[in-house]
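Step one of this worksheet: look at the structure below.
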Amino acid sequence: MTAQAIAELSQVEPDEGASLREEVYLRLSELLISGRLAPGDKVSLRDVAGALDVSIMPVREAASRLVADHALEITPSRAIRVPIMTRAEFIELTRIRKTIEGHAAAEAALHHTTEDLQRLRSAQSSFRTQSMASRPAARRVIGANMKFHFALYSAAGSPLLVKIIRGLWLKAGPVINLSVGQPPNRIAVDGVELHDIVLDAVLNHDGERARKGLVDDIDSGAERILRHGTFQDDPPVKDRGRSFGET
């Protein structure tokens, strides 16, 4: 884990109704979903425990749950890290995301509330501001993108659907880091314009247009990642992944 990710871990908003075990799991999940960890990053249980001021036990249990979710993996050396996908795995994940998240976008267009629209507009405004900055900060762009997507999915009015999508983003979030090296103008042109299409479709209760706009948005990001990302079945690269502290 990077020093920045460790620092951000303690800043994730707590769930007041969650037990300690669940809280640790949710905070680690948020790092993955928000793209603050990248494929190959090693997770130090001691550093996580220190950042959250808890014992090692709930951290180990949370990590075990995430391993069971296939969001983390244990290496032959017993280190815990974010998995590095093969290209085929990423393509399959993208296909599943388009089906499920596209459905959520269509449902959001049909079932949103006034409060949902306010959250969507706010999230898109933040994404536009971060993307169009003269020197965009990649992590802020990625975080704003995530907030727009989940504001959209929440507007579908189905907690179960959001839970399923969160499970997909446990795997997708870190991979989004692979697009960080892209020219900022491409993130702005592609992401902001496609989000605008989705938002306009939701405003006009056009489920099919919202679905297509969301699918196009996922496809756009996936194409950049496939062009510029590093996958498990690519030629070996030196020092893949990052590690700070002991596991």
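Please treat every number below as a calculation from the coordinates, not as lab data. Since we're looking at a predicted model, the values are computed, not measured.
Using alpha carbon coordinates only, what is the Rg to Rh ratio of the range 87-228, with Rh defined as the Kirkwood radius?
0.94
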**Request:** Throw me the Rg/Rh for the range 120-176, computed over C-alpha atoms with Kirkwood Rh, two decimals.
**Result:** 1.03
**Request:** Return P(r) of the range 196-237 (all Cα-Cα pairs; 5 Å bins starting at 0; whole %; ordered from short to long distances).
**Result:** 6, 23, 18, 13, 11, 10, 8, 7, 3, 1
**Asked** Under the classification rounded if a/c is under 1.5, otherwise prolate if a/b is larger than b/c and oblate if not, where does the range 96-140 fall, given a ≥ b ≥ c as square roots of the Cα gyration tensor eigenvalues?
**Response** oblate
**Prompt:** Kirkwood hydrodynamic radius (Cα pairs, Å) of the range 74-157?
**Reply:** 15.0
**Asked** Could you name the aspartates and glutamates in cross-link range of Lys42, using Cα to Cα under 18 Å and dropping any fewer than eight places away on the same chain?
**Response** Glu8, Glu30, Glu61, Asp69, Glu73, Asp239, Glu246
**Asked** Using 0.36 nm per residue, how much length does the chain from Ala79 to Ile197 gain when fully extended, once their Cα-Cα distance is taken away?
**Response** 38.2 nm
**Request:** Starting at the first residue of the range 109-115, write each ³J(HN,Hα) from the Karplus equation 6.51 cos²θ - 1.76 cosθ + 1.60 with θ = phi - 60°, in whole Hz, x for Gly and Pro.
**Result:** 5, 8, 10, 5, 10, 4, 5
